[in-house]
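Accompanying notes for the structure given below.
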Amino acid sequence: MFGAGLCFWGARFDILWLLGVPFALALNWFGDSLDGTLARHRNQQRPRYGFYVDHICDCLSTVFIATGMALSGLMTPAMAMGVVIAFLMLSVEAYLAAYTLGRFNISVGYFSPTELRIMLAAGILALMRWPRAHIFGADYLSLDVGGVCAIAVMGGMFIVLAIRHTRQLFVEERLP
């Protein structure tokens, strides 16, 4: 994902650098999928270590991509920061649920990290054609529009999951 961030940054100088982003996302998906599969195949699983390292890498990946987007000139730094904050809030909710409820869900509805990578790759290709969006007569950076959508979706997911998990914990730990 560091490479994806570099490709975004390179797009500041030449938009063709964006072609490297889908490649970097595919490489990330391959590595992210392969490590656990290989550990299971070799019967060398380390679930707590794997969980920890995988999610530290996810947090760093988000920072790398958002920083690259902000440095590209295709997204404002404030919007990139908002996306990182929304992602980290949703991550914290998932980690707290894993600890308190004993289960970790990486997917929400039909969306998993694989679908999100595919959507981002498709969005990057569209971004090359339409770096700016015209909405209600105003001109915006397309990545800023995407950032608003991402923040809204992650924020909504955060609220729904936080309410659901709070209610579940309240019911499971009723006071006598």
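For LEU175, LEU127, LEU88, what ranking results if the residue with the fewest other Cβ atoms within 10 Å of its Cβ goes first?
In increasing order of surrounding Cβ atoms, one gets LEU175, LEU88, LEU127.
How long, wide and thick is the chain, going by the Cα atoms along their three principal axes, in whole angstroms, largest first?
Principal-axis extents of the Cα atoms in the chain, largest first: 61, 45, 24 Å.
What trypsin sites (Lys or Arg not before Pro) in the range 23-96 are in a loop by DSSP, with at most 16 other Cβ atoms within 10 Å of the Cβ? Intermediate values should be presented prior to the final figure.
Details: sites: ARG40, ARG42, ARG48; in loops: ARG42.
Passing both the DSSP loop test and the Cβ count: ARG42.
Run lengths n ≥ 4 of DSSP H only: what is the helix-derived mean residue ellipticity at 222 nm for the chain, with -39500 (n - 2.57) per run over all residues, to the nearest 500? Don't jump to the answer; show the numbers that get you there.
Numbers: 6 runs with 130 residues, N = 176.
That calculation yields -25500 deg cm²/dmol at 222 nm.
Starting from the amide H of LEU141, placed 1.01 Å from N in the peptide plane, find each other amide H under 5 Å away whose residue is 5 or more places distant or on another chain.
Long-range HN contacts for LEU141: ALA133.
Does the range 23-70 come out rounded, prolate or oblate, given a ≥ b ≥ c as the square roots of the eigenvalues of its C-alpha gyration tensor, rounded meaning a/c under 1.5 and, failing that, prolate meaning a/b above b/c? Walk me through the numbers before you get to the answer.
Values: a/c = 6.52, a/b = 1.83, b/c = 3.57.
Cα axes put the range 23-70 in the oblate bin.
Compute the angle between helix 113-129 and the longest alpha-carbon principal axis of the chain, please, reported from 0 to 90 degrees and rounded to the nearest 10.
10 degrees
Residue by residue, what Karplus-based ³J(HN,Hα) values in Hz, rounded to whole numbers, does the range 25-40 have, using 6.51, -1.76 and 1.60 with θ = phi - 60° and x for Gly and Pro?
For the range 25-40, the Karplus curve yields 5, 5, 5, 4, 4, 4, x, 5, 7, 6, 4, x, 4, 5, 4, 5 Hz.
With a Cα-only, solvent-free Debye model of the range 1-93, what are the log10 I(q)/I(0) values at q = 0.10, 0.14, 0.15, 0.25 Å⁻¹?
The Debye formula, applied to the Cα set alone, gives -0.32, -0.59, -0.65, -1.19.
Can you tell me the order of 77-85, 1-9 when each peptide is scored by its average per-residue count of other Cβ atoms within 10 angstrom, highest first? Mind showing how you got there, number by number?
Details: 77-85: 17.7, 1-9: 21.2.
Per-residue Cβ counts within 10 Å, averaged per peptide and sorted highest first, yield 1-9, 77-85.
Fewest first, what order do LEU16, LEU96 take by the number of other Cβ atoms within 10 Å? Intermediate results must be reported in sequence, preceding the final value.
On the way: LEU16 11, LEU96 14.
In increasing order of surrounding Cβ atoms, one gets LEU16, LEU96.
Any idea what the relative contact order of the range 1-130 is, in percent, if you count C-alpha pairs under 8 Å spaced at least 6 apart?
The value is 33 percent.
Take the chain, connect every pair of alpha-carbon atoms lying under 10 Å apart with a spring to form a Gaussian network, then pick out the residue of LEU101, LEU143, LEU90 with the largest mean-square fluctuation.
With Cα springs under 10 Å in the chain, the top fluctuation among LEU101, LEU143, LEU90 is at LEU101.
Read-outs throughout are calculated quantities, based only on the coordinates presented, and are distinct from any laboratory measurement. Just so you know, these numbers come straight off a predicted model, no measurement behind them. Positions of Cβ are generated from backbone atoms using ideal geometry, with glycine treated the same way; all protein chains shown enter the neighbour counts.
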